[in-house]
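Q: Sharing a structure below in structure tokens format, with a few things to ask.
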Amino acid sequence: MSSDVRFTDFKSDKQPTWCPGCGDFGTMNGMMKALAETGNDPDNTFVVAGIGCSGKIGTYMHSYALHGVHGRALPVGQGVKMARPDIEVMVAGGDGDGYSIGAGHFVHAVRRNVDMTYVVMDNRIYGLTKGQASPTSRSDFETSTTPEGPKQPPVNPLALALASGASFIAQSFSSDALRHQEIVQEAIEHDGFGFVNVFSPCVTFNDVDTYDYFRDNLVDLQEDEDHDPNDYEAAKEVILDSDKEYQGVMYKDENSVPYHEKHGVTEDMSEIPEGAPEDAMDLVREFY
């Protein structure tokens, strides 16, 4: 780690092809600034991305990166962290990638409490496939494939995380640059699975959940509500409150013990020694 790293060191030479005004620009900038502020550098950072508009983020950030399979970014990130517990692992995805096809992996990544950060760009729509309702879309959100709305309640990812035993749950807004950076930074510094759901507006296909909507309705838990993130019951109350849009750290377990410490995974396992492990062939013969 280095104290001389600037956030621009995390910028690659590839120009983003997101739509002008896409919320993912602000989300990515906050991620890079948070990584730099926590003393990380591109040589010790691994970014894993899923499928969707958010999946391009590994190309636009200068670090080790892998563009994974739809909904499977979290298993890859966990594998990287288990093999190399010494590096910073950040997984990026979208609401479709993370809360639909990837929902099962999300639940188990949360409960394992692997020491990594998961940033979800939640625009409440499928943007890359041109505007279908996503798991977090409103029940009356009209699209070409749901002209009368999905008629299903949206997934509450914060509640899903809490029910799965999360040790850090937060929410930010990509346009609120400083607060977004601060929240992602706190997730990185957390000992365990740091989950941040980011309101990242889609300016092309979602004309409901817009920048203006969030600016008018967002309530900051730390600046406006004096919320205590260490209070589980208080966290549950705000997470289940569907009448307000919250920003800030909802819940943080100060006694969190990350997976690798709990299970003694402390050494570099990326180097595989030659030959089969001792007694491995005996085990194979026993079953075959």
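The values are calculated or read from the model by the stated rules, or taken from the named source; none is laboratory data. Here the structure is a predicted model, which is why all the values come from computation and not from measurement. Cβ atoms come from the backbone with ideal geometry, glycine included; neighbour counts cover every protein chain shown. With ligands, DNA and RNA removed, areas are computed over all heavy atoms of the protein, side chains included. Shrake-Rupley method; radii C 1.70, N 1.55, O 1.52, S 1.80 Å.
Q: Using Cα pairs closer than 8 Å and at least 6 residues apart in sequence, work out the relative contact order for the stretch 173-288, in percent.
A: Numbers: 85 pairs, mean separation 25.4, N = 116.
With pairs under 8 Å counted, the relative contact order is 22 percent.
Q: Summarise the accessible area of the stretch 7-287 (1.4 Å probe, protein heavy atoms) by the percent that is carbon and sulfur. Let's see the in-between values first.
A: On the way: 6430 of 13210 Å².
In the stretch 7-287, the share of accessible area belonging to carbon and sulfur is 49 percent.
Q: Quick check for you: with a 1.4 Å probe and neighbouring chains kept, what is the accessible area per residue of the stretch 7-287, in Å²? Mind showing how you got there, number by number?
A: Numbers: 13210 Å² over 281 residues.
Value for the stretch 7-287: 47 Å² per residue.
Q: What lysines does Lys151 reach when the alpha-carbon gap must be under 27 Å and sequence neighbours fewer than 8 apart in one chain are set aside?
A: Of all the lysines, those that pass the test against Lys151 - Cα under 27 Å, at least 8 places apart if same chain - are Lys130, Lys236, Lys244.
Q: Taking a quarter of the surface of the convex hull around the Cα atoms of the stretch 1-152, what do you get in nm²?
A: Convex hull of Cα atoms, orientation-averaged projection: 9.2 nm².
Q: If you don't mind, another one. Could you tally the net charge around Glu37, taking each other residue with its Cβ under 14 Å from the Cβ of Glu37, Lys/Arg +1 and Asp/Glu -1? Kindly include the intermediate steps, with their values, before the conclusion.
A: On the way: positive: Arg6, Lys33, Arg179; negative: Asp4, Asp9, Asp41, Glu88, Glu182, Glu186, Glu189.
Residues near Glu37 contribute -4 overall.
Q: So what is the calculated 222 nm ellipticity per residue for the chain, using -39500 (n - 2.57) for each DSSP H run with n of 4 or more, over all residues, to the nearest 500 deg cm²/dmol? Could you put the intermediate results ahead of the total?
A: On the way: 10 runs with 87 residues, N = 288.
Taken over the chain, the calculation gives -8500 deg cm²/dmol.
Q: Quick one: angle between helix 23-37 and the longest Cα principal axis of the chain, in degrees between 0 and 90, rounded to 10, please.
A: 50
Q: Any idea what the relative contact order of the stretch 28-143 is, in percent, if you count C-alpha pairs under 8 Å spaced at least 6 apart?
A: Details: 208 pairs, mean separation 26.8, N = 116.
Reported as a whole number, the value is 23 percent.
Q: Using amide H atoms built 1.01 Å from N in the peptide plane, name the residues 5+ places from Tyr251, or on other chains, whose amide H lies under 5 Å from its own.
A: Amide H neighbours of Tyr251: Ile169.
Q: Next question, about the same structure. What are the ³J(HN,Hα) couplings of the stretch 96-102, residue after residue, when phi is run through the Karplus curve with 6.51, -1.76, 1.60 and θ = phi - 60°? Round to Hz, x for glycine and proline.
A: After applying 6.51 cos²θ - 1.76 cosθ + 1.60, I find x, 4, x, 10, 10, 5, x Hz.
Q: Can you bin every Cα-Cα distance in the stretch 139-234 into 10 Å intervals starting at zero and give me the percent of pairs per bin, rounded to whole numbers?
A: Going out from 0 Å in 10 Å bins, the stretch 139-234 shows 13, 38, 34, 14, 1 percent.
Q: Let me ask something additional. Residue by residue, what Karplus-based ³J(HN,Hα) values in Hz, rounded to whole numbers, does the stretch 208-215 have, using 6.51, -1.76 and 1.60 with θ = phi - 60° and x for Gly and Pro?
A: Couplings: 10, 8, 9, 4, 4, 4, 5, 4 Hz.
Q: Give me the Debye-computed log₁₀ of I(q)/I(0) at q = 0.07, 0.15 Å⁻¹ for the chain, equal point scatterers on Cα only, no solvent, two decimals.
A: Values, matching the q order: -0.26, -1.12.
Q: Taking Lys14 as the anchor, which aspartates and glutamates have their alpha carbon closer than 19 Å to its alpha carbon, excluding any fewer than eight residues away along the same chain?
A: Output for Lys14: Asp24, Asp41, Asp43.
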